[in-house]
Each structure stands twice: as C-alpha cells, then as structure tokens.
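Chemist: Here's a structure for you.
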Amino acid sequence: AKAHGRSAHCFFDESMIQAARERLEIEARLRSAMARGHLLLHYQPQLSVATGRIVGAEALLRWNDPEEGLISPARFIPVAETSGVIGPLGQWVMQEACRQGQAWRAAGLPAVRLAVNVSPRQFQLDDMAVCAAQALAASGLPAHCLELELTESVLAERPEEMRQVLQRLRELGVRIAVDDFGTGYSSLVHLKRFPIDVLKIDQGFMRDIPASGDDMAISATIIAMGRSLGLNVLAEGVETPEQLAFLRERGCDSYQGYLFSRPVPAEQFARLLQAQAEK
Ligand code: C2E
Ligand code: CA
Ligand code: CA
Ligand code: CA
C-alpha cells in the first residue's frame with residue numbers, strides 16, 4: 001500500500017509539472033500572439049426586448065492561431081489571469097473596443113454601446129478607471145458608449161477599493177454591468193454598495209426556460225428586482241423565441257444570444273447595424 005501511495009504521489013507531481021509547463025507555453029504563445037496581432041474581438045449584438053433594435057455589443061476576445069485556428073477565451077483567459085499577460089491584454093481589449101466603436105460612429109452607423117469584460121487580476125495590476133479614461137481619450141468614443149462587465153466575485157474581492165474605482169468610472173460616465181448575475185454570492189449587498197447600472201442575468205438561468213419553473217421564477221425575480229432598483233436588466237444566452245417571449249412578458253430591458261446572433265467579426269456586426277439603419 002505504501003509503494004502504491006508513493007507512486008501516486010509521484011504521478012501527482014508529474015502532472016503538476018506538466019500543467020505548469022503547459023501554462024508557461026500558453027503564456028509565451030499568448031504574448032507573441034499579442035505582439036503579432038493574432039488577437040481580435042468579436043461582437044455579439046445586444047438588443048432591446050421592446051423594440052428589437054440593436055442597442056449595444058459585447059466585445060469577446062478571440063485568438064486566431066495560424067496553426068490551431070480560433071482558440072476560445074475559456075482556454076486562455078484563465079492562464080492570462082494567473083500571469084502578467086492579463087494587464088496588457090485587458091488594456092488592449094479596452095482600447096480596441098473603443099477604437100472600433102468610434103470607427104462605427106465615424107462611418108455614420110447608429111451609435112451603440114460597447115460592453116467590455118474586465119478580469120479580476122487586471123484590476124489588481126492596473127487602474128481600471130485610468131485605463132478606461134485613456135482608451136476613451138485616445139479613441140474619441142463618448143464615455144456613455146462604454147460599459148464594463150464585472151462578475152460578482154470580482155466585486156467581492158476588495159470591496160472598498162472596488163467601490164472607489166467604480167465611483168470614478170461613474171463620474172467619467174462609463175456604465176457598470178454585473179456579469180453572470182445570480183451565480184456569485186452576497187449579490188444583494190453589491191447592489192447597494194456599488195454604483196451599478198446593469199444586471200446581466202446569467203445564461204444558466206435562460207437555458208431551461210420554459211421547461212424549468214425554478215429558472216423562470218429566478219429570472220422573473222431578478223428582472224423585477226432590477227426594475228424596482230432602477231437598473232437595466234439584460235438576459236444573456238437567449239436562444240429561443242419562447243425565452244424572448246418570456247422576457248417580454250416580464251419586462252426585461254434587453255437581451256443577447258444565439259437567437260439573434262452569435263458573436264461575429266467587426267465587419268459583420270457593422271453590416272447588422274447598417275441593415276437596421278436602413279429599416
Ligand atoms: P461571458 O462574459 O459570460 O460571455 C458570454 C459567453 O456566452 C460568450 O462565450 C458567448 O459567445 C457565449 N454566448 C453568447 N450567446 C450565447 C447563447 O445564446 N448560448 C450559449 N450557449 N452561449 C452564448 P465566449 O465568447 O466563448 O467567452 C467566454 C468567456 O470568456 C466570457 O464569458 C468571459 O468571461 C471571457 N472573456 C471573453 N472575452 C474576454 C475579454 O476580453 N476579457 C476577459 N477578461 N474575459 C473575456
Ligand atoms: Ca460578459
Ligand atoms: Ca456572462
Ligand atoms: Ca460566464
């Protein structure tokens with residue numbers, strides 16, 4: 001039994017080393033991908049439930065590797081977060097989203113809001129408010145066209161510092177959204193403590209609507225609570241007309257999901273905006 005235990009121990013160490021090696025490799029490749037311009041943003045339309053018009057876009061990071069093709073952010077964001085890459089990466093995303101948003105405005109397309117995901121680690125490494133202000137100034141995008149998405153766990157990490165940073169962003173005119181709402185903890189305290197504009201209902205609650213009565217009750221409660229607090233409520237992961245009908249009935253403000261569009265390259269998003277302007 002002892003020998004067995006020992007070999008299991010060795011195996012564990014080996015796999016840890018293997019995992020560390022893989023992380024280092026991904027980190028090095030990510031740095032070079034940034035340098036070589038292999039990172040890009042896709043944009044997923046966000047629509048008004050009431051009017052069906054595009055009101056914004058969530059910018060989602062993509063890594064276009066010459067050998068592997070498109071690599072999902074679920075694979076490399078966690079690695080980036082445990083390394084120094086997340087700082088420059090987050091800065092690049094913010095700048096690129098603002099640049100693109102302003103380019104669409106300059107091209108005469110209807111103005112939409114750009115929602116950018118913000119990582120917890122990034123917040124510790126650089127000042128998010130400064131980074132946002134710089135990206136806005138460099139691009140010329142009006143502050144009210146920028147929205148930052150933070151998860152509840154990010155808010156909970158260092159609440160007092162976070163409150164101050166969010167307050168500065170609010171003063172700039174940038175909007176704050178709570179991403180994956182309902183999946184973190186002590187969410188109701190956050191709503192009181194932080195200057196929040198938008199609740200994004202996590203897609204996990206949409207998935208089984210209308211089959212799951214529980215998920216319908218939870219979503220309806222989030223919508224009602226958001227409304228009575230004067231917040232905007234956006235449902236993500238909307239895939240079926242039934243889900244959209246449910247949101248309309250409950251008075252949800254906006255939605256995004258495969259029902260209308262997957263995240264698409266910038267040119268394709270511009271065409272969606274153009275088509276809407278011509279209607
Ligand atoms: P998220 O912020 O919760 O983004 C929503 C994810 O759901 C996206 O996956 C999107 O493509 C996907 N999605 C959208 N509509 C639907 C739908 O109708 N059904 C289903 N099943 N899925 C839908 P994606 O693009 O793979 O991104 C995964 C996660 O990676 C994001 O989750 C976010 O946490 C992170 N991420 C993406 N871009 C960035 C970034 O620029 N910075 C940071 N820090 N994180 C990012
Ligand atoms: Ca998000
Ligand atoms: Ca989300
Ligand atoms: Ca998520």
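Chemist: Using the Cα centre of the chain as origin and beta-carbon charges of +1 (Lys, Arg) and -1 (Asp, Glu), tell me which of P159, S119, A275 is placed farthest towards the positive end of the dipole.
Modeler: Result: A275.
Chemist: Between R163 and A74, what's the calculated FRET efficiency when r is the beta-carbon distance and R0 is 41 Å? Round to 0.05. Walk me through the numbers on the way to the answer.
Modeler: Details: r = 29 Å, r/R0 = 0.71.
Using R0 = 41 Å, I get an efficiency of 0.90.
Chemist: So how tilted is helix 159-172 from the main axis of the chain? Cα-based, degrees 0 to 90, rounded to 10.
Modeler: Rounded to the nearest ten degrees, it is 40.
Chemist: Kindly report the accessible area of the chain per residue (heavy atoms of protein chains, probe 1.4 Å, no ligands, DNA or RNA), in Å².
Modeler: Per residue, the chain has an accessible area of 50 Å².
Chemist: Quick one: which residues, 5+ away or cross-chain, put their amide H under 5 Å from the amide H of R113? H built at 1.01 Å from N.
Modeler: Result for R113 returns G56, A57.
Chemist: In percent, how large is the relative contact order of region 108-238, given Cα pairs closer than 8 Å and 6 or more residues apart?
Modeler: Contact order relative to length: 20 percent.
Chemist: Okay, moving on. What spacing in nm lies between the two simple spin-label points modelled at R36 and Q203, each 7 Å away from Cα in the Cβ direction?
Modeler: Output for this residue pair reads 2.9 nm.
Chemist: Suppose every K and R has +1 on its Cβ and every D and E has -1 on its Cβ; what is the size of the dipole of region 59-218 about the Cα centre, in Debye to the nearest 20?
Modeler: In debye, rounded to 20, region 59-218 gives about 560.
Chemist: Further question: Which residues make up the longest stretch of the chain clear of chymotrypsin sites (Phe, Trp or Tyr not before Pro) that lie in a DSSP loop with no more than 13 other Cβ atoms within 10 Å, not counting the sites?
Modeler: Value returned for the longest uninterrupted segment is 1-184.
Chemist: Between A211 and A133, what is the label-to-label distance in nm when each label sits 7 Å out along the Cα-to-Cβ direction?
Modeler: 5.0
Chemist: In addition: What residues qualify as long-range amide H neighbours of V264, i.e. H under 5 Å apart, gap of 5 or more or another chain, H built at 1.01 Å from N?
Modeler: For V264, the qualifying residues are Y43, Q44.
Chemist: Also, quick follow-up: Heavy atoms only, probe 1.4 Å: what % of the accessible area of region 166-279 goes to carbon and sulfur, would you let me know? Each step should come with its number before you reach the end.
Modeler: Numbers: 2800 of 5710 Å².
The computed percentage sits at 49.
Chemist: Amide H to amide H, which residues 5 or more places from L141 or on other chains are under 5 Å from it, using H placed in the peptide plane?
Modeler: Those lying under 5 Å, H to H, from L141: there are none.
Chemist: Show me, for region 256-262, the HN-Hα J-couplings you get by feeding each phi into the Karplus relation (A = 6.51, B = -1.76, C = 1.60, θ = phi - 60°), rounded to Hz, glycine and proline as x.
Modeler: Residue by residue, region 256-262 yields 8, x, 4, 3, 8, 6, 6 Hz.
Chemist: Still on this structure, I have one more. Pairing the Cα long axis of helix 86-106 with the longest principal axis of the chain, what angle in degrees results, from 0 to 90 and rounded to the nearest 10?
Modeler: 30
Chemist: Need one number: % antiparallel among DSSP beta bridges in the chain, to the nearest 5.
Modeler: Numbers: 16 of 38 bridges.
Expressed as a percentage, antiparallel bridges in the chain total about 40.
Chemist: Same structure again: Report the charge-dipole magnitude of the chain in Debye, nearest 20, computed about the Cα centre from +1 at each Lys and Arg Cβ and -1 at each Asp and Glu Cβ.
Modeler: I would put it at about 440 debye.
Chemist: Now for a different question. Could you compute the FRET efficiency for A277 and I17, with r as their C-beta to C-beta distance and R0 at 45 Å, rounded to 0.05?
Modeler: Step by step, r from the Cβ atoms, then E = 0.25.
Chemist: Continuing with this model, one more query. To the nearest µm²/s, what D does Stokes-Einstein give for region 48-90 at 4 °C and 1.567 mPa s, using the Kirkwood radius over alpha carbon pairs as Rh?
Modeler: The Stokes-Einstein estimate is 102 µm²/s.
Chemist: Follow-up question, since we're still on this one. Return the sequence-ordered ³J(HN,Hα) values of region 176-182 in whole Hz as given by the Karplus equation 6.51 cos²θ - 1.76 cosθ + 1.60 applied to θ = phi - 60°, using x for Gly and Pro.
Modeler: Karplus-based 3J(HN,Hα) across region 176-182 equals 10, 10, 8, 7, 6, 4, x Hz.
Chemist: May I pose another question? Below 8 Å, C-alpha to C-alpha, sequence gap of six or more: please give me the relative contact order for the chain in percent.
Modeler: On the way: 426 pairs, mean separation 51.8, N = 279.
Taking the mean separation of contacting Cα pairs over the length of the chain, I get 19 percent.
Chemist: Okay, moving on. Could you check the spin-label model distance between E249 and Q268? Points 7 Å from the Cα along Cα→Cβ, value in nm.
Modeler: Those two pseudo-labels are separated by 3.2 nm.
Chemist: Determine the gain in length on full extension of the stretch L229-L188; use 0.36 nm per residue of separation and subtract their C-alpha separation, reporting nm with one decimal.
Modeler: The span from L229 to L188 would gain 13.7 nm if fully extended.
Chemist: For region 141-167 and region 187-216, what is the separation of their Cα centres, given in Å?
Modeler: 18
Chemist: Compute the orientation-averaged projected area for the chain from the convex hull of its Cα atoms and round it to one decimal in nm².
Modeler: Answer in nm², one decimal: 18.1.
Chemist: Here's a follow-up. Taking 0.36 nm per residue of sequence separation and subtracting the Cα-Cα distance, how much length would be gained by fully extending the chain between S153 and L259, in nm to one decimal?
Modeler: Full-extension gain reported as 35.3 nm.
Chemist: How far is helix 128-139 tilted, in degrees, relative to the longest principal axis of the Cα atoms in the chain, given as a value from 0 to 90 rounded to the nearest 10?
Modeler: The helix 128-139 is inclined about 60 degrees to the chain.
The values are calculated or read from the model by the stated rules, or taken from the named source; none is laboratory data. All of these numbers come straight from a predicted model, not from anything done at the bench. As a convention, Cβ positions derive from the backbone with ideal geometry for all residues, glycine included, and neighbour counts pool all protein chains shown. For accessibility, only protein heavy atoms count, side chains too; no ligands or nucleic acids. Shrake-Rupley method; radii C 1.70, N 1.55, O 1.52, S 1.80 Å.
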